[in-house]
Structures are given as C-alpha cells and as structure tokens.
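To start, the structure itself, in structure tokens.
The values are calculated or read from the model by the stated rules, or taken from the named source; none is laboratory data. All figures in this text were calculated on a predicted structure; none of them were measured in a lab. Ideal geometry is used to build each Cβ from the backbone, glycine not excepted, and the neighbour counts take in all protein chains shown. In case anyone asks, the SASA skips ligands and DNA or RNA and just uses the protein heavy atoms, side chains included. Shrake-Rupley method; radii C 1.70, N 1.55, O 1.52, S 1.80 Å.
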Amino acid sequence: VSTQSTWGVRFFILLLYIREMSASTKTPVPESVAKKAQRDSALSAAKIKSAVEAKKTNRAFRQAICKRAKQYADEYAANQANLVRMKRQAKNNGNFYVDEEPKLAFAVRIRGINAIAPRTKKILQLLRLRQIHNGVFVKLNKATICMLRLVEPYITYGYPNLKTVRSLVYKRGYGKVNKQRIPITDNKVISSVLGQHGIQSTEDLVHEIYTVGPHFKQAANFLWPFKLSSPLGGYSQKGKHFVEGGDYGDRAEEINKLISRMA
Amino acid sequence: MHKNSRQPYAVSEKAGHQHSAESWGTGRAVARIPRVSGGGTSRSGQGAFGNQCRKGRMFAPTKVWRKWHRKINQNQRRYATVSAVAASALPALVEARGHAISNLPQVPLVVDSSVEKFTTTKKAVALLKALGAYNDVEKSKDSKKVRPGVGKMRNRRHVIKHGPLVVYNKDDGITRAFRNIPGVDLCSVHALNLLQLAPGGHVGRFVIWSQSAFNALDSVFGSGRKEATEKVGYNLPHAILANADIARIINSDEVQAAVKPVKKSAKVPRQKKNPLKNLNVLLKLNPYAQTQKRAAIFSEKSHRERLTAQNAKRGVKAAAKPAAAKAAAKPAAAAPAKAKK
C-alpha cells in the first residue's frame, strides 16, 4: 500500500467524520480534528501534484536516456565498422593496420589473502582487489600497467569487450552510494552519484567505462569491486602464467571467456 | 520496601562446632580435615567443622545482623506514594494492572463518608455490588490458589490477587466491615501504604475512597500550590508535563509548522533481479533495450524470410528450422559453387 493511497484514505475518512459530526448532531468538530483534516488535504493535494510533476520529469529523463543509448549503440557499431574498414583497406594496399593499444583492462584477483609480500599486498589494495575473485576495471597507462605487472601472480587481466562490460555492470553491478554497496536496480542509484559528470543511466556508465571517457575514474570508482564467482569449468593452473598454460597475468582478449564463466 | 517487614533468620552460632575436633595432620593416610576426638563410637574420627563434612558447619553461616530492612529516602518514598495515588485515578492504568473496573460509574471512585461507619460485612458487600466493584472482588476470590513453592509449608499457603483498596479517613467500623472480604485491603489516608497502592511495584491499584478520605488528600500531600499540613514542608512534586494532552500538542499549529515533511521511505528491493534475464528490470534500467530487442527480432525475421526466398529461387526446399535451413543453405551454396567450378 503506497503512502499516497493511505493519505487519501485517511483524509477521506476524516472528511466523512467531519461531515457527519457537523451535520447530524450539531456538535462542534474539535479544533484539532478540523486542523488535521485541513493539513491532510493540503498534503494529499501536494503529493498528487508532485507525483504528476515527477512523472513528467521522469518521462523526459527516460527519453534522454533512450536518445543517448541510441547514440552509443550507433557509436559502437560505427567504431566496429570503421575498424573492419581500416583493416581491409590496409590489407588491400599491402599494409598493416596496427590496432589501437587497449585503454581498458579488467583485472580479477586469482589468489587468496595469505602469505603475500607487502608491496604486492599494497598494490592489490590500491587496485581494490582485496578479496579473491574480486574484479575491477582499470584504465591502462604506464602507471597502471606497471602496477598490474608487479602483482601478476595474483591476478589475471585482459581487455574486456562490450558484451563483457555490459554483463558485468548489469548482472553484478553495485555502486558505492554513501559508502554503502547498493545494487544498481534503478538509474537513480547512478545519477545520484555520477549525475554531475553526465552519467545518469547504466548505458551511460557502460559507455564511460568501455570507451574510457573523461570521467572514467569516477565511474570505475563508483562501481564497487565486482564479486565474481569461481569460474565454471575451473582454472587450468593458478600457479602459472597464462602464457605458460596457467592462469595468472595478462591474457588479453581471453579474459572475456573467463569472465563469462565467472559472472 | 517489602523487605522492611522481614523477620531475621539465622543458623545457630554453635551449629557444627560443638566438637573438640582436631586435624590428625599428615602422615596418617587420611585427609587433613579436623576429625572428631575420642573413641567408642562411629562418630569418632569422622570429619568435622568443614562445610563439606557431614554434620559440619555450613559455609558462611547466616547471621542475624544481615541487613534486613531498606532505608528509602523520605522524599523518594513520598514521590512514589503520590505517583501511585495519581495512577489510581487513570482507568487505563488501573485496567492495565488487571482490575475489573468496566462497571464502575467513575474512576476515581469516591463514596460517601458514611461508609466509614459500616460495621457489618453484609453491608460492605452490598455496597461493593451496588458500585459495580464486586467484579473485582469476585476476580480476587476466584484467584485463590495454593502457592507454588516451599512457602506453602511455611504458613504462606494461599496466594490471592489483590482486589479493591478501600481508603478511609476515620475508622468507625469500616475496617471490621471490609476486612473479611477476599482481596479487599484497607488503608487510612493518613498512612497510605505504598505496598498496597502499587503491589509488586506496579501502579494503578483500584482504590475506593471515602469522601472524607478524598478530601483529606489535600492536607496529607498538599495541593500543587499549598504545602501539606500533615507532612512538614512537603508539597507535591512538579509534573513532568505541564500539559499532558500530547495529541493536542502534536497537532498544534506551532509544532506542525516546525515539523519536517514525512520522509518517503526508500523502497529497498529484497532481491536484486538480473536485468540480463528479467525484461522488466532491464527496461527500467535501459528503456532503449526495448527498441533494440524489437529491431533484433525484426531483422532476424526478415533475414530468415530473405533466406527462404533465396533458397526457393535456387530450387532448394526450404527447411522449417533455421539450423536445418542453414544446413540446407550450406550444401545449396556448395552445389552452385561446384557447378561454377
């Protein structure tokens, strides 16, 4: 039962009471009762008005989200098509198209918390990977690449594709709201924190993360470290580098397969 | 306060020590406890004096100089009495304490002073019945039970609920009239007993006042402005609330003007639903997903139609299932390719 309907019901009952009291027996209605009825009517009117207004603003909000989501979808498709075009062009001309170096990485902590060297421990803390199977989005630059390299035996990382980013944010997305871990069940959760940076919906958030926009830091930090499950199908060997046939370290695009087994 | 009527009990001082027992010391393959001296009886050589010994003195023998009574500050005591009297005037509290007062004409119940001259129980009972107070007496009568516990063997056999408390100013026979009625207690207004006004520490005893007793309350406790005459320098304590009509205070203009608006409690979902599986939740987060899904369905449908048209053109029977259609398309594609070659 919504608060709005109980207000209305209460007000209605009060009105009936007042009408009955004043009409039938001519006993004066107590002043407090009359005042309360007045107050309740004003409140319910205000509530109805605000509900109508909220509906209007919400509609506009959702239309804006749709518009931006379409923009992003077109952007992703255009980028993909462009990439294919460039590659084909290079091939036709006998050149090589050098892919852009990846800007975004997703790092997952592979190992537990016991017996860790202090520097490694600190770096893992800085990366917000404090628990096994925690995952975070990391912007790749010289600094972060060095950090990831230093903690390689404890993490596996790679370059997530759009589907991975989307599935992580939608299925396992929790935001840091007021220092609390709040599930992203509504766009308001996102807009309340990141609205000032122009990120107001999950699609905005996914776009910011995937394209490593100007507010990537705020967006990625808003996302609580992802708590992933152990991979279905298992690891091959946590103690070895991916390149050696194991699991830790940089596994480039293969991270997507792993995450699909973990998320 | 209930402790003040206690009688001391203690074990005899001499208990357990009326022996000349001495420990045998070490080296005799027995425990070092003092043993009864002498011979010729099985008692000799038995352990004595210790609390662990048979016939020995108890641990920490109880003493009569135990603190039996409790001093309560006079003002505190009076505060309690006054509060109990006030509580007896609130029907809600009296009923909450468990008295049957629904048939009373009024609470507090004040009866004409002639009740103080009653001498016969018959008259007393008739009065209670007329007042509608007899229900409480009957409740008390029905509640007579044997006390659970050892008290039943110690002259405290029965337990009974408290009924009405009759408060009088001058005893002209009222005590003798009412005292045999089960559950009824009597008290002079000049010496109100807190143990009767608030039995068990619970306020709200059902009190029947005689008129003169009720009038005397002012002189016993003072009114709010005037000091009491029967107690030196005593006046009623200040009320915690000057205006006890809390509903009226809450609904007053002054309070309502300063009150914050009603907080809308945030709806916390009990379970996070997966947007990748649950369409409604997905649409809540990303309204554009609807358009995307529709477009995907439409494009798949048109693709399949185009495929079947193609197959029909190439003379291959179109299969119902898309997988089979794909399989049909593959050899169909292979056949013209081979034909080309």
Residues listed by number, segment A:214-238, amide nitrogen under 12 Å from A:Lys139 label point at 7 Å toward C-beta: A:214-221
Dimensionless Rg ratio for segment A:115-263, taking C-alpha atoms and the 2.2 N^0.38 Å reference: 1.04
Karplus-derived HN-Hα couplings along segment B:230-239 (A = 6.51, B = -1.76, C = 1.60, θ = phi - 60°), whole Hz, x at Gly and Pro: 8, 10, 6, x, 10, 9, 4, x, 5, 6
Segment A:138-263 - share of DSSP beta bridges that are antiparallel (%, nearest 5): 60
Antiparallel DSSP beta bridges within the protein assembly as shown, as percent of all bridges there, nearest 5: 60
Residues of segment A:143-187 with amide N under 15 Å of the 7 Å Cα→Cβ point at A:Leu126: A:143-152
Net charge of Cβ neighbours under 13 Å - reference A:Arg109; Lys, Arg +1; Asp, Glu -1: +4
Extension gain, B:Val159 back to B:Asn51 (0.36 nm per residue minus Cα-Cα distance, nm): 35.3 nm
Chain B: relative contact order in percent, alpha carbon pairs under 8 Å with at least 6 residues between: 12
Estimated FRET transfer efficiency (A:His241, A:Ala117; beta-carbon r; R0 22 Å; 0.05): 0.80
All lysines inside 30 Å of B:Lys260 as judged from Cα atoms, apart from same-chain residues fewer than 8 positions distant: A:Lys35, A:Lys36, A:Lys47, A:Lys49, A:Lys55, A:Lys56, A:Lys176, A:Lys179, A:Lys188
Integer Hz, Karplus 6.51/-1.76/1.60 couplings in order for segment A:232-243, x for Gly and Pro: 5, x, x, 8, 8, 7, 5, x, 10, 5, 4, 5
Backbone N under 15 Å from the B:Glu138 label point (7 Å along Cα→Cβ), restricted to segment B:178-212: B:182
Separation of the A:Ile48 and B:Val150 label points, Cα + 7 Å toward Cβ, nm: 7.4
Karplus-derived 3J(HN,Hα), 6.51/-1.76/1.60, for each residue of segment B:177-189, Hz, glycine and proline x: 6, 9, 5, 8, 6, x, x, 7, 10, 10, 7, 7, 5
Average Cα contact separation per residue, chain A, under 8 Å, 6 or more apart, as relative contact order %: 18
Sulfur and carbon atoms: percent of accessible area, chain A [1.4 Å]: 56
Entries of A:Lys121/A:Lys217; A:Lys70/A:Lys257; A:Lys103/A:Lys163; B:Lys3/B:Lys231; A:Lys70/A:Lys217 with Cα pairs more than 20 Å apart: A:Lys121/A:Lys217; A:Lys70/A:Lys257; B:Lys3/B:Lys231; A:Lys70/A:Lys217
B:Asn243/B:Lys63 FRET efficiency (R0 60 Å; Cβ-Cβ; nearest 0.05): 0.65
Length-normalised contact order for segment B:1-86 - Cα pairs under 8 Å, 6+ apart - percent: 31
14 Å beta-carbon shell around A:Lys91, net charge (K/R +1, D/E -1): +2
Per-selection metrics, segment B:55-107 (Cα): Rg and Dmax in Å: 21.0, 64
Radius 13 Å from Cβ of B:Val125, net charge of other residues (Lys, Arg +1; Asp, Glu -1): +3
With every protein chain in place, segment B:155-204: carbon and sulfur % of accessible area (1.4 Å): 47
Separation of the A:Asn58 and B:Gln106 label points, Cα + 7 Å toward Cβ, nm: 5.8
Cα-based helix-to-principal-axis angle, B:211-221 vs chain B, degrees rounded to 10: 90
Net length gained if the chain between B:Gln18 and B:Ser265 were fully extended (0.36 nm per residue, minus Cα distance): 81.2 nm
Nearby lysines by direct alpha-carbon distance to B:Lys139 (threshold 27 angstrom, same-chain neighbours under 8 apart not counted): B:Lys117, B:Lys122, B:Lys123, B:Lys129, B:Lys152, B:Lys161
Accessible area per residue, Å², the protein assembly as shown with all protein chains present, probe 1.4 Å: 64
Cα-based Rg of the protein assembly as shown normalised by 2.2 N^0.38 Å, two decimals: 1.79
Sites A:Ala78 and A:Leu150 - FRET efficiency at Förster radius 25 Å, r taken between beta-carbons, to 0.05: 0.10
